[in-house]
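Chemist: First the structure, then my questions, so here it is.
The values are calculated or read from the model by the stated rules, or taken from the named source; none is laboratory data. Remember, it's a predicted structure, so these values are computed and weren't measured experimentally. Note: ideal-geometry Cβ built from the backbone for every residue, glycine included; neighbour counts use all protein chains shown. To get the accessible areas, we keep the full protein, side chains included, count just its heavy atoms, and leave off ligands, DNA and RNA. Shrake-Rupley method; radii C 1.70, N 1.55, O 1.52, S 1.80 Å.
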Amino acid sequence: MQKLRIVIVNWNAGQQLADCVVSILGSQQNNFVFEKIIIVDNASTDNSLDLLPQNNKMHIIRNSQNYGFGKACNLGAKVYGSADLLLFLNPDTILKLDTLDISIKFYNENAKKMRFGILGVKLVYDDGSIQKSCSRFPSVKSEVFDSTGLSKLFPATSSHMNEFSHHSSRFVEQIMGAYFLTSNPLFERLGGFDESFFVYYEEVDFSYRARGLGYNSYFLADVSAVHVGGGCSRQVKAKRLFYSLNSRLIYVSKHFSKMDSIIVYVLTLIIEPCTRIAFSLLKGSVSGVKETIEGYIMLYKKLLAK
């Protein structure tokens, strides 16, 4: 039977982390055995680790500083033995009784013959509504429409698959990293997540590189998990915007042509801040304007310091 390792990166997730772990420990285990649940804590300052239940299947890595998501995931994947399957799970996720069992059974029975290497499940908010968690790989076209806000009028132009109902299972280009199931051999072959991404886009980059080796991503709608969203990052909205924008620029520099990268840089640094501020003003959100300005100041300082 396949051995499963679950890696959870924590940064001040509070009670959500404990709730997540409890849901894991209460899961059905007919199609796998737990190797370990690895909690990688990025120097949290809250009491989230103190709230965890005691269990010999759990191992905690306490980082002395915040290493970011990708590096923390790599640490969790490499420490303490070697599992067959790796599940990267956000701490603000609650598994249902059969989430692990069904998704792992599907992965084991279909990954080779269907040629996929990454599996995601349907994510729902705590009110039961579906979270749109599948996306396309970023392209110049999608960046133009997303940065200018035109994708709100033409959803199919966005990298976000908001036009997809998420009611049916299908191949997709990428799935959200909140529930990211893959095999340990594929993870090792790709060298794990690219640690140049502090947070955001690391799973996009991983999925893109996996696709280059012939391994697709698959969205399984037959099973679900509750994902509150923003558990570790919603406390710092301006910083979250900064990290997202910075990771986008790292991604396009890595995977786009030089000319396409220049276009995205211009869109990101000049056009998009104006669009974001305009939308915030239309909504009457003063805090949105403030957060946009603060996030972009951090980004400009980061780029000027290079």
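Chemist: Suppose we filter SER207, SER224, SER244 for residues that are among the polar types (S, T, N, Q), over 30 Å from LYS105 (Cβ atoms) and at pLDDT 95 or above; which single one remains? Spell out the reasoning first.
Modeler: On the way: SER207 fails: over 30 Å from LYS105 (Cβ atoms); SER224 fails: over 30 Å from LYS105 (Cβ atoms).
It is SER244.
Chemist: Give the residues of region 109-124 that are open to solvent by 10 Å² or more (accessible area, probe 1.4 Å) and closer than 26 Å to VAL40 by Cα, sorted by residue number.
Modeler: LYS122, VAL124 - these are the residues of region 109-124 that are open to solvent by 10 Å² or more (accessible area, probe 1.4 Å) and closer than 26 Å to VAL40 by Cα.
Chemist: Pick from region 1-27 the residues that are part of a helix (DSSP H, G or I) and within 13 Å of LEU97 (Cα to Cα): which of them is most open to solvent (accessible area, probe 1.4 Å)?
Modeler: First, the residues of region 1-27 that are part of a helix (DSSP H, G or I): 15-25.
Pick out the ones that are also within 13 Å of LEU97 (Cα to Cα) and you get 20-25.
On the way: CYS20: 0, VAL21: 1, VAL22: 85, SER23: 18, ILE24: 0, LEU25: 59 Å².
Here the residue is VAL22.
Chemist: Among the helices (runs of 4 or more DSSP H) lying completely within region 198-306, list those that include at least 1 residues that are farther than 29 Å from ILE118 by Cβ, open to solvent by less than 30 Å² (accessible area, probe 1.4 Å) and in contact (Cβ under 8 Å) with a residue 12 or more places away in the chain. Don't jump to the end; show me each part of the working.
Modeler: Values: elements: 202-212, 237-255, 258-266, 272-282, 286-304.
In region 198-306, 237-255, 272-282, 286-304 are the helices (runs of 4 or more DSSP H) which contain 1 or more residues that are farther than 29 Å from ILE118 by Cβ, open to solvent by less than 30 Å² (accessible area, probe 1.4 Å) and in contact (Cβ under 8 Å) with a residue 12 or more places away in the chain.
Chemist: Moving on. When both residues are 6+ apart or on different chains and their Cβ atoms are under 7 Å apart, which pairs have a first residue that lies in region 108-133 and is part of a strand (DSSP E or B), and a second that is surrounded by 18 or more Cβ atoms within 10 Å (Cβ to Cβ) and of a type in the set (D, E, K, R)?
Modeler: So the pair list comes out as ILE130/LYS122.
Chemist: Tally time: how many residues in region 137-161 are touching a residue at least 12 places away in the same chain (Cβ under 8 Å) and either part of a helix (DSSP H, G or I) or open to solvent by less than 60 Å² (accessible area, probe 1.4 Å) (or both)? Can you show your working first?
Modeler: Taking region 137-161 and keeping what is touching a residue at least 12 places away in the same chain (Cβ under 8 Å), we get 137-149, 157-161.
With either part of a helix (DSSP H, G or I) or open to solvent by less than 60 Å² (accessible area, probe 1.4 Å) (or both) added as a condition, the list becomes 137-149, 157-159, 161.
Here the count works out to 17.
Chemist: Evaluate region 59-71: report whether one residue or more is under 25 Å from ARG189 (Cα atoms) and touching a Pro at 6+ places or on another chain (Cβ under 7 Å).
Modeler: No, region 59-71 contains no residue that is under 25 Å from ARG189 (Cα atoms) and touching a Pro at 6+ places or on another chain (Cβ under 7 Å).
Conditions tested, residue by residue: (1) surrounded by 23 or more Cβ atoms within 10 Å (Cβ to Cβ); (2) within 25 Å of ILE250 (Cα to Cα); (3) aliphatic (A, V, I, L, M).
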{"position": "LYS36", "(1), (2), (3)": "no, no, no"}
{"position": "SER48", "(1), (2), (3)": "no, no, no"}
{"position": "PRO53", "(1), (2), (3)": "no, no, no"}
{"position": "ASN63", "(1), (2), (3)": "no, yes, no"}
{"position": "PHE69", "(1), (2), (3)": "yes, yes, no"}
{"position": "TYR80", "(1), (2), (3)": "no, no, no"}
{"position": "ILE102", "(1), (2), (3)": "no, no, yes"}
{"position": "ASP126", "(1), (2), (3)": "no, no, no"}
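Chemist: Restricting to region 162-192, name every residue that is part of a loop (DSSP other than H, G, I, E, B) and acidic (Asp, Glu).
Modeler: Here is the first cut: in region 162-192, the residues part of a loop (DSSP other than H, G, I, E, B) are 162-169, 173, 176-178, 190-192.
Within region 162-192, GLU163, GLU173 meet the criteria.
Chemist: Quick one: how many residues across region 20-57 are among the acidic types (Asp, Glu) and in contact with a strand residue (DSSP E or B) (Cβ under 6 Å, 6 or more places away or on another chain)? Step through it out loud before you land on a result.
Modeler: Step one: filter region 20-57 for residues among the acidic types (Asp, Glu), giving 35, 41, 46, 50.
Adding the requirement that they be in contact with a strand residue (DSSP E or B) (Cβ under 6 Å, 6 or more places away or on another chain) leaves 35, 41.
Residues that pass the stated criteria total 2.
Chemist: From the list GLU195, GLU173, GLU188, exactly one residue is in contact with a Lys or Arg (Cβ under 6 Å, 6 or more places away or on another chain), within 20 Å of LEU75 (Cα to Cα) and open to solvent by 50 Å² or more (accessible area, probe 1.4 Å). Which is it?
Modeler: Step by step, each of GLU195, GLU173, GLU188 is checked, and only GLU195 is in contact with a Lys or Arg (Cβ under 6 Å, 6 or more places away or on another chain), within 20 Å of LEU75 (Cα to Cα) and open to solvent by 50 Å² or more (accessible area, probe 1.4 Å).
Chemist: With within 25 Å of VAL204 (Cβ to Cβ), of a type outside the set (Lys, Arg) and touching a Cys at 6+ places or on another chain (Cβ under 8 Å) as the only criterion, which of ALA83, ALA13, ALA72 stands out? Don't jump to the end; show me each part of the working.
Modeler: Working: ALA83 fails: touching a Cys at 6+ places or on another chain (Cβ under 8 Å); ALA72 fails: touching a Cys at 6+ places or on another chain (Cβ under 8 Å).
Result: ALA13 is the single residue among ALA83, ALA13, ALA72 that is within 25 Å of VAL204 (Cβ to Cβ), of a type outside the set (Lys, Arg) and touching a Cys at 6+ places or on another chain (Cβ under 8 Å).
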